[in-house]
Each structure stands twice: as structure tokens, then as C-alpha cells.
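The values are calculated or read from the model by the stated rules, or taken from the named source; none is laboratory data. Because the structure is a prediction, the values reported are computed rather than measured. When we count neighbours, we look across all protein chains shown, and the Cβ atoms used for this are built from the backbone with ideal geometry, even at glycine. SASA here: full protein model, heavy atoms, side chains in, ligands and nucleic acids out. Shrake-Rupley method; radii C 1.70, N 1.55, O 1.52, S 1.80 Å.
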Amino acid sequence: MLSYRHSFHAGNHADVLKHTVQSLIITALKEKEKPFLYLDTHAGAGRYLLSGEHAERTGEYLEGIARVWQQDDLPAELEPYISCVKALNRGPGLRYYPGSPLIARHLLREDDKLELTELHSSDFPLLRSEFQKDSRARLARADGYQQLKAKLPPPSRRGLILIDPPYEMKSDYQAVVKGIQEGYRRFGTGVFALWYPVVLRQQIKRMIHDLEATGIRRILQIELAVRPDSDRFGMTGSGMIVVNPPWKLEQQMRDLLPWLHRVLVPAGTGHTSVNWIVPE
Ligand code: SAM
């Protein structure tokens with residue numbers, strides 16, 4: 001039984017970090033003419049109504065995208081991401097938030113492909129209706145981890161794989177490492193981007209230890225926390241772990257994170273970091 005619905009959290013600080021990194025990777029992949037695959041193992045519903053009951057109940061987007069949206073000195077690194085948010089909000093207000101599949105849909109080119117997997121019985125039909133007319137996309141109501149075996153390597157031999165589970169079950173912390181390992185074995189030149197929440201620091205340390213033990217090299221970690229680590233107050237921050245990051249990503253995030261932190265966390269609590277878990 002899946003209880004997690006991303007509609008409660010869409011556009012929060014963790015989405016801002018995740019979708020910024022996702023859009024920078026896609027932009028880098030587009031620097032070469034050759035098409036690529038975007039594989040989203042945990043795709044969600046695709047589009048989120050920010051004035052809807054779920055988003056209004058938590059108000060998380062007010063401390064996320066709503067803060068970024070109001071700024072008039074947006075750094076260049078945010079341009080691809082914000083262009084996706086703007087494409088869904090033609091008027092002056094912020095009504096909809098694009099999930100990762102819609103970010104990819106907006107940024108991908110005609111010959112690029114999308115493979116989107118979502119298991120939830122309510123979110124999958126919403127996602128399917130978003131992509132009804134997009135011939136680049138293939139959708140499956142299936143287990144996202146299985147796709148790391150079934151869909152890799154892509155015929156184009158280029159691609160971004162976004163792995164973004166809800167971590168409802170503690171086993172997700174191990175499943176993501178196993179999934180990356182299996183995906184990497186089939187497609188060692190792919191870019192794998194894993195999102196993680198910081199709830200208990202110990203869980204992240206263990207996950208990183210397991211990743212190091214796979215022997216995979218070139219693993220970059222990017223983190224943005226809105227509060228200090230704590231074992232009592234739920235999610236205090238989140239991060240992205242990127243295997244085979246585009247060469248510019250490290251510097252782009254080093255340049256951008258201080259601005260993002262200042263805008264998302266006016267109180268100045270928490271931290272940002274960019275570091276190599278495993279270098280070249
Ligand atoms: N990637 C989306 C985005 O950034 O807009 C958000 C995804 S949300 C964090 C996680 C999603 O994974 C939920 O919609 C949930 O229903 C779905 N899910 C949970 N377990 C899954 C599985 N084993 N395979 C595929 N989807 C799953």
C-alpha cells in the first residue's frame with residue numbers, strides 16, 4: 001500500500017534543489033547533438049496544483065519555489081529550471097508546479113526519449129494524461145527499481161536516470177544503492193541522479209558507505225539543509241547524489257548554493273555542501 005503523495009510536498013525546498021540539479025544535467029546533455037534517454041524511476045503525478053487541498057494543507061511550497069519565484073536577481077544556473085515553472089504558469093501567479101517528468105518534457109528535444117514509471121493508483125493516471133500526446137514518452141505503472149534493469153542501457157547510449165523514491169520504507173535506503181549498482185553495471189556511462197532526504201544523518205552515512213563499497217567512481221554529493229541535523233524534527237534538508245556528473249555541475253552548484261540558501265532560509269540555519277564521495 002503506497003501512502004506517499006508528492007502533492008503534499010511539491011515545490012518545497014527539496015524539490016527546488018532536486019529540479020535545479022535535474023535541469024542542469026539535462027542542459028549539459030543537450031550540449032551534444034546525439035539524443036539521450038531520460039528515465040524517471042519514481043515519476044509522481046507530473047503536475048501539482050499549488051492552490052489544491054494537499055499543497056495548501058502543508059504550505060511547503062511557500063518556503064520553496066514561492067521564495068525563489070519572487071526574486072528578480074535569479075542566477076543563470078536557475079534559468080533552465082525556472083523556465084519550466086514559467087511554462088506552466090503563463091499568468092503572473094504561481095498556480096502549478098512541474099514535477100520531474102514535466103521538467104524533462106519541457107527541456108528535452110524532439111529526438112530525446114522519456115521513460116516514466118509510477119506505481120501509485122491515483123498518480124499514475126494523472127501522469128498518463130499529461131503525456132497522452134507526447135510521442136517521445138513511454139509510461140509504465142511498474143516498480144521503478146525494475147526499470148533500472150529492464151530499460152538500460154538505452155539504444156542511444158546516453159542518458160539521465162533520476163531515482164527519487166519516497167523513502168516511506170527504510171529499505172529504500174538500500175534499494176537505491178542496489179538499483180544504482182544494477183543500472184551502472186548495464187550502463188556505466190549514464191548519469192545517475194539520486195535524491196535523498198536528511199531525516200536521520202546516520203541513515204545517509206550508511207547509504208553513502210554502501211555506495212562507496214560498490215566501487216563506482218565519480219560520485220558527487222550536493223546538499224542543502226534548512227535546519228541543523230536532528231533526530232527529532234523530520235526532514236531537515238535533502239541532497240542529490242550524482243554518478244558521472246557533467247563536468248560543470250560541481251562548479252555550478254558551488255556558485256548557486258549560497259544564493260539558494262539565502263533565499264530559501266532567510267533565518268540562515270542549516271548548511272550547504274558540494275563534495276566528492278568518490279572522485280575520478
Ligand atoms: N520524481 C517526482 C518529482 O520530482 O516530481 C516525485 C516523486 S515522489 C518523491 C515518489 C513517487 O514514487 C511517488 O509518487 C510514489 O507513488 C512513487 N513510488 C513509490 N514506490 C515506487 C516504486 N517502487 N516504483 C515506482 N514508483 C514508486
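The table for this structure:
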quantity	calculated
Pair list, Cβ under 9 Å, 6 or more apart: the stretch 142-153 residue touching a residue at least 60 places away in the same chain (Cβ under 8 Å) and small (Gly, Ala, Ser), other residue near the ligand (Cβ under 7 Å from one of its atoms) and open to solvent by 50 Å² or more (accessible area, probe 1.4 Å)	144/119
All positions within the stretch 243-270 that are of a type in the set (A, V, I, L, M) and assigned to a helix (DSSP H, G or I)	249, 253, 256, 257, 260, 263, 264
Tally, over the stretch 73-101, of residues that are within 14 Å of the ligand (Cβ to nearest atom), touching a residue at least 40 places away in the same chain (Cβ under 8 Å) and open to solvent by less than 10 Å² (accessible area, probe 1.4 Å)	7
Given (1) out of contact with any helix residue (DSSP H, G or I) (no Cβ under 9 Å at 6 or more places or on another chain); (2) among the aromatic types (Phe, Trp, Tyr); (3) surrounded by 14 or more Cβ atoms within 10 Å (Cβ to Cβ), index of the condition residue 195 fails	(1)
Residue that is nearest to the ligand (Cβ to nearest atom) [pool: residues in the stretch 41-61 that are in a helix (DSSP H, G or I) and more than 19 Å from the chain's Cα centre (by Cα)]	54
Tally of residues being within 24 Å of residue 11 (Cβ to Cβ), in contact with a Ser or Thr (Cβ under 8 Å, 6 or more places away or on another chain) and more than 12 Å from the ligand (Cβ to nearest atom) across the stretch 102-123	2
Test result for residue 133, over 21 Å from residue 96 (Cα atoms), out of contact with any helix residue (DSSP H, G or I) (no Cβ under 8 Å at 6 or more places or on another chain) and either open to solvent by 50 Å² or more (accessible area, probe 1.4 Å) or without any contact (Cβ under 8 Å) to a residue 24 or more places away in the chain (or both)	no
Yes/no for residue 126 being in contact (Cβ under 8 Å) with a residue 12 or more places away in the chain, within 13 Å of the ligand (Cβ to nearest atom), closer than 16 Å to residue 6 by Cα and open to solvent by 20 Å² or more (accessible area, probe 1.4 Å)	yes
